[in-house]
Amino acid sequence: MVLLSVMMMAGTISYGQNKDLQKQKSSEVKAPHKSRSFQMGQWVQINNAILKELNASYVDSLPLSRMQMVGINAMLENLDPYTMYIPEEDRDDLQMMLNKSYGGIGALVYKPKKEGNLLINEPYVGTPAARAGLVCGDEVLEIEGTVTNGLTAQQCTDKMKGNPGTGLKMKVRKVRTGEIKDVVLTREYIHLSDVSYYGMLNDTTGYISQTGFTTNVSQAVKDAFLDLKKQGMTKLVLDLRGNGGGLINEAVSIVSLFVPKGSLVVSQKGKSIKEEVKLYTTQEPVDTEIPILVMVDGGSASSSEIVSGALQDMDRATIMGTRSYGKGLVQGIRPLPYGGQLKVTVAKYYTPSGRCVQALDYAKRGEDGSVKAIPDSLTHEFRTVGGRAVRDGGGITPDVEIKAEPASRMLLVLFYNGIMEDFIMEYVKLHDQIGDPDKFHLDDEDFDLFVKVAMGKKFDYRSESKALYDKLVESLKQDKIQDKVAEQLDALDKVLNMDKEESIRIHKTEILPLLEREVVARYYFRPQAEKHALQYDIQLKKALETPLADFSKLPEKK
């Protein structure tokens, strides 16, 4: 950051000193009230004047593109984390977020280092990549004649994506045979379904795992539901855990499947009158009687909360899990000059009972810019159609709370540092197949291989307790009282200070299920991997053992 200074006859006053003087001055003299229109005009003129003066006077050439993005982002950060500027070159990313669709070959790739070949990580079922026989571990040496060694992962994926119907030629080294061959593919419209898996959990219980609310997910949920009904389903589990939301109209359409036509699902209120709308179901339902269990957690947000909140308010489903995230804000897309777009928060939404589930009040920030959650003492009670009490101001509170075991620090470190991916790349070289995916398990020898791979990587392997201990020691040093508790610290350090291998092995039972899920995905695609992971889902098992609410005993719905 350039240090601004003002040269004055009496000497040099630094920017920091000048700012303090301005604060003092502003506290002594109260500024007259200015209209919003005047403030907006003043702001625009000042910004324009600063840019013109910088352009004329600044000693070096101005990094205008970087200044523009930094300035815009800094301005929007004062609002909420959902309002953002999307330049023209990032419009494809916006479409991917809204539709989970793109033109390409349908495969995740992996490139841990710029100097090295691109690796096929996970082909998607039924895509050009899968049909061409590409498998996890195959090395992509060239894309359209350009070697991948020396390119970033983003540069590689940009070359692989393109308009549906266009051709793509790659030179590939097969993972197990070492054969180098030319692979010619035709790009297609790739859509990643938000229904990651559905199937029967037992003879009567159907299960749908939904990961998002992008375009047409409601049709996918409907198709899955009807298929499960044919298989004998008499109770449905709709799993919205970790589902961060998406399009409101898709949430309304999903609720439409289970409640009478004409039911209010959600209301939204904004500054503009056109943002004040009420959304009702407009389609005939497919089933208004089947018992529904909806699973939510702290990762369930936005449209997930619209669905779970509406079904809860209508006494149509039993909500289980842990409290949802608490995002009660609605965003709209507004066009900007030069192809840019603004994703801007335009309204708050309310469930049928009148609840707004927003947990953080971004309009009331602390002096340090921090945002606090709305305390439970300031929330309000509302009533479902059957008279049950529900509250606003902090997500959807489940009818039955069922806690899940939180992921350990070690598991997160291994996952986000790519160490699990590195293990999988070694595993697929050694195994042509894994047999029945429903019965697949990694053995002790496989875990030893994982430990060997992890031992060769650099990462912070401290436990959560050791990380907190280290912070405590630093605080004690700053307070100059470390010596007073030195004996106790040494004793605690001996307990917490494990070597890398011991730190990994102590989490074996937590690591193995995730490794198994990812291995199954590489041989049998993602839906089968999600099915495999259900056997380790203790929270879901507890929910299935819990009786659903009997809404027939509530007063007649009005």
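Listed by chain and number, the lysines whose alpha-carbon sits under 21 Å from that of K466, ignoring those within fewer than 8 places in the same chain, are K457, K458, K477, K480, K484, K494, K500, K508. Each Lys and Arg adds +1 at its Cβ and each Asp and Glu adds -1 at its Cβ; summed about the Cα centre, the chain shows a dipole of about 1820 debye.
Restricting the range 113-155 to GluC sites (Glu not before Pro) that sit in a DSSP loop and have at most 11 other Cβ atoms within 10 Å of their own Cβ leaves E115. Using only Cα atoms, locate the centre of the range 382-412 and the centre of the range 127-178, then give the distance between them in Å, rounded to an integer. Each part reduced to its Cα centre gives a spacing of 44 Å.
Assuming charge only on the beta carbon of Lys and Arg (+1) and of Asp and Glu (-1), the dipole of the range 222-349 about its Cα centre is about 440 debye to the nearest 20. Shape class for the range 169-219: oblate, because the ratio a/c of the largest to smallest gyration tensor axis (alpha-carbon atoms, square roots of eigenvalues) is 1.5 or more and b/c is at least a/b.
So for each of 222-229, 295-302 I average, over its residues, the number of other beta carbons within 10 Å; can you give me the resulting order with the highest mean first? Provide the component values of the computation, followed by the final result.
Numbers: 222-229: 16.8, 295-302: 23.9.
The peptides rank, most packed first, as 295-302, 222-229.
For K348, the lysines whose Cα falls under 17 Å of its own Cα, not counting residues fewer than eight places away in the same chain, are K269, K271, K274, K278, K327, K364.
Spatially, the range 454-511 and the range 202-235 are offset by 46 Å when compared through their Cα centroids. Normalised per residue, the accessible area of the range 443-491 is 72 Å², obtained with a 1.4 Å probe and no contribution from ligands, DNA or RNA. Mean residue ellipticity at 222 nm, helices only, the chain: -11000 deg cm²/dmol; runs of at least 4 DSSP H residues each add -39,500 (n - 2.57), and the sum is divided by the number of residues. Karplus-derived 3J(HN,Hα) values for the range 107-120, using 6.51 cos²θ - 1.76 cosθ + 1.60 with θ = phi - 60°, are 7, 7, 10, 9, 8, x, 10, 5, 8, x, 7, 6, 10, 6 Hz; glycine and proline are entered as x. Shape analysis of the chain places it in the rounded category; the axes a ≥ b ≥ c from the Cα gyration tensor give an a/c below 1.5.
Pull out a ≥ b ≥ c, the square roots of the eigenvalues of the alpha-carbon gyration tensor of the range 82-142, then state rounded if a/c is under 1.5, prolate if not and a/b is larger than b/c, and oblate in the remaining case. List each step's numbers first, then the result.
Numbers: a/c = 2.95, a/b = 1.60, b/c = 1.84.
In terms of gyration-tensor shape, oblate.
Counting only C-alpha contacts under 8 Å and six or more residues apart, can you give the relative contact order of the range 56-137 as a whole percent?
Details: 61 pairs, mean separation 13.6, N = 82.
Computed over the range 56-137, the figure is 17 percent.
In the chain, the DSSP beta bridges split such that about 75 percent are antiparallel, to the nearest 5.
Considering only T282, V135, S253, the residue lying farthest towards the positive end of the dipole of the chain is T282, judged by Cα position with unit charges set on Cβ.
Where the accessible area of the chain is counted over protein heavy atoms with a 1.4 Å probe, how much of it, in %, is carbon and sulfur? Don't skip to the answer; put the middle values down first.
Details: 16880 of 31720 Å².
Its accessible area is 53 percent carbon and sulfur atoms.
The values are calculated or read from the model by the stated rules, or taken from the named source; none is laboratory data. What you see is a predicted model, and the numbers here were worked out from it, not measured in a lab. Virtual Cβ from ideal backbone geometry, glycine too; neighbours counted across all protein chains shown. Side chains included, ligands, DNA and RNA excluded: accessible areas come from the protein's heavy atoms. Shrake-Rupley method; radii C 1.70, N 1.55, O 1.52, S 1.80 Å.
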